[in-house]
Every structure is written in C-alpha cells, then in structure tokens.
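*Asks:* Got a structure for you, questions after.
The values are calculated or read from the model by the stated rules, or taken from the named source; none is laboratory data. Fair warning: this is a prediction, and the values are worked out from it, not measured in the lab. Cβ atoms come from the backbone with ideal geometry, glycine included; neighbour counts cover every protein chain shown. For accessibility, only protein heavy atoms count, side chains too; no ligands or nucleic acids. Shrake-Rupley method; radii C 1.70, N 1.55, O 1.52, S 1.80 Å.
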Amino acid sequence: MEKKETAPLVDLQPGDILLSFSTHTLGWKHGHAGLVLNEKEVLECTSLGKNSRIVNTNHWRKYSNYIVLRVKGVNREIQEQVVNYAREYLLDMPYRLLAGVFGTKARDVSERHFGLQCAYLVWYAWKSAGYDLDSDGGRLVTAKDIACSDLLEVVQIYGI
C-alpha cells in the first residue's frame, strides 16, 4: 500500500534543506536530509549501494514528518552557488555511511574514497560556500546536527 501525500510543501528555494525524522536503521532514528535544487528537485543520498541522485520534491510529502529549513540572510546568488556546486560535484557520488569521520572531515571530492551520506551531502554543499551547518562540530554530521544549526531558520514544519 502506497503512502498518501501529506500537506503541500511551501515555495521551495534553491539551497533549502529538507529533513525528516521518520527514518531509522536497526532501531537508530537517524532521520534523512536532502538539498533542494529547485521547486521540483532534491539531491539526496538514500542508502548503501546507491549513488547520490535527484528525486522529485513530492517524494518528501510521503514522509510522516518533515522540516524545511533555509540558511539565514543569504541571497539568491549564494543559494545558486551552493546548488551549482552540488550538481557539479555531489551528484552521482557513492553512499558512505561514515562520510567525514575518518581523515579530514571536508575531504576533497576527487579523493578515491570520497562519498556521502544524506546529512553530510547537505553539510558539504553549504560548507563549499563557507557555511558550517554542523551544530555540534563533530566528525559525523546527522540530520539532528543540521536541524539544531543557528545558521538556519524554519520555513515549514509538518508532523513534528
């Protein structure tokens, strides 16, 4: 049985961040994150064995909860810079559960074992423009770390 769509999403802007806390693995409720490219596309890392890819934003309306966040005080030029960087360097990258944990946190995308997980993808894209959205500064970037960032403002909340 397919899940029904929830409330409509707000008018999304490039660089907006979508978070859900309804996803879990082996009992760990880690959540999920995606980077909005435009009103119809989100760049995501979904699971082991799959490369980062673009999905339709309406996919997010099937989650039981979600938050739309936006970096405070940035103009459209910076938003587009982040999105263009993500399209060029973070699309079709391998999923790595422990992305950023070993070696340098912000590894170079050209390194042999570079990879992403969902929250790290969002963090890395914004870090490329000088915005560190990891609220606790730890090695592992999680959806919660991003949700707690002082650099973000809430645009929409559903089901939380």
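*Asks:* Of the residues in the range 93-117, how many are touching a residue at least 40 places away in the same chain (Cβ under 8 Å) and over 13 Å from residue 141 (Cα atoms)?
*Replies:* Matching residues across the range 93-117 total 3.
*Asks:* While we're on this one: Conditions: (1) closer than 14 Å to residue 44 by Cβ; (2) open to solvent by less than 70 Å² (accessible area, probe 1.4 Å); (3) at pLDDT 90 or above. Residue 92 meets all but one. Number of the miss?
*Replies:* Unmet condition: (2).
*Asks:* Please give the number of the condition residue 73 fails out of (1) open to solvent by less than 40 Å² (accessible area, probe 1.4 Å); (2) closer than 18 Å to residue 156 by Cα; (3) out of contact with any Gly (no Cβ under 7 Å at 6 or more places or on another chain).
*Replies:* If we test residue 73 against (1) open to solvent by less than 40 Å² (accessible area, probe 1.4 Å); (2) closer than 18 Å to residue 156 by Cα; (3) out of contact with any Gly (no Cβ under 7 Å at 6 or more places or on another chain), just (1) comes out false.
*Asks:* I'd like to check something: does the range 71-88 contain any residue that is under 15 Å from residue 32 (Cβ atoms), in a loop (DSSP other than H, G, I, E, B) and over 14 Å from the mean Cα position of the chain (by Cα)? If you could, list the steps in order and put the result at the bottom.
*Replies:* Looking only at the range 71-88, we keep the residues that are under 15 Å from residue 32 (Cβ atoms), and these are none.
Looking for residues that are under 15 Å from residue 32 (Cβ atoms), in a loop (DSSP other than H, G, I, E, B) and over 14 Å from the mean Cα position of the chain (by Cα), one finds none in the range 71-88, hence no.
*Asks:* Can you tell which of 116, 43 is closer than 22 Å to residue 135 by Cα, open to solvent by less than 30 Å² (accessible area, probe 1.4 Å) and in contact with a strand residue (DSSP E or B) (Cβ under 6 Å, 6 or more places away or on another chain)? Write out each step before concluding.
*Replies:* Values: 116 fails: in contact with a strand residue (DSSP E or B) (Cβ under 6 Å, 6 or more places away or on another chain).
From the options 116, 43, the qualifying one is 43.
*Asks:* Looking only at residues that are in a loop (DSSP other than H, G, I, E, B) and among the charged types (D, E, K, R) in the range 130-153, which one is nearest to residue 79 (Cα to Cα)? First the steps, then the outcome.
*Replies:* Step one: list which residues in the range 130-153 are in a loop (DSSP other than H, G, I, E, B), which gives 130-142, 148-151.
Remaining after also requiring among the charged types (D, E, K, R): 132, 134, 136, 139, 150.
Details: 132: 14, 134: 18, 136: 23, 139: 25, 150: 18 Å.
Step by step, filter the range 130-153, then rank; the result is 132.
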